[in-house]
Amino acid sequence: FMLDSDFKVIDLQGLDPKDEKDKKELKEIDDEHRFIKGFVDRLDNLKEEVNIIDYKSSVKSYSQNDFIFKDNKLKNYQLGIYMLYAMQKYPNKSYKAHLLSFKDQNYNDNISIDNKIFDNDYSTKMKELIKDIQQKINSGNFSFDNSDEKVCEHCNYKHICHQAVLNKEIADAK
């Protein structure tokens, strides 16, 4: 899915991101309109409810608090962005987004948010924070934690931060 700068769903015109013949046309749509792009692992569009599931296989732990606003800050935007997408794409239903970890066989480490948590206030705050992050990135005013590069290897923004170079420069300066 793709969202534009107003957080509205971009119509992909029936194009399939997995189909090679659609990739060029999708890239043009992506380049021209995309503000946020995501891939939902599983989306169940049921009669009265939409369930969104993101499967996690990493060793990173999450808590419910990562998805709740505290002091006007949010640690993790992922499920909220999925909710924002689903509420537009499949209106007038109830919504649940789940983060399911493969590392915990008892499913104790799983997180869920629904439209009781993800209300208009949550959506508005999240959009404001995302716009603020975008403005900071565009102005070069951003930072990252000094994560293990394995965490960053799939990041779409590594061309911006050049973490390996920055870490080397920091290490060489010491």
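The values are calculated or read from the model by the stated rules, or taken from the named source; none is laboratory data. Just so you know, these numbers come straight off a predicted model, no measurement behind them. Cβ sites come from the backbone with ideal geometry, for glycine too, and all protein chains shown count toward neighbours. Heads up: the accessible areas ignore ligands, DNA and RNA and are worked out on the full protein's heavy atoms, side chains in. Shrake-Rupley method; radii C 1.70, N 1.55, O 1.52, S 1.80 Å.
What the table shows:
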{"read-out": "Cβ crowding within 10 Å averaged over residues, with 87-98, 7-18 ranked highest first", "value": "87-98, 7-18"}
{"read-out": "Förster radius 25 Å - calculated FRET efficiency between Lys127 and Lys23 (Cβ-Cβ, nearest 0.05)", "value": "0.30"}
{"read-out": "Residue-count net charge about Tyr55 - beta-carbon cut-off 10 Å; Lys, Arg +1, Asp, Glu -1", "value": "0"}
{"read-out": "Segment 51-133: relative contact order in percent, alpha carbon pairs under 8 Å with at least 6 residues between", "value": "36"}
{"read-out": "Solvent exposure of segment 1-98 as accessible area per residue, Å², 1.4 Å probe", "value": "64"}
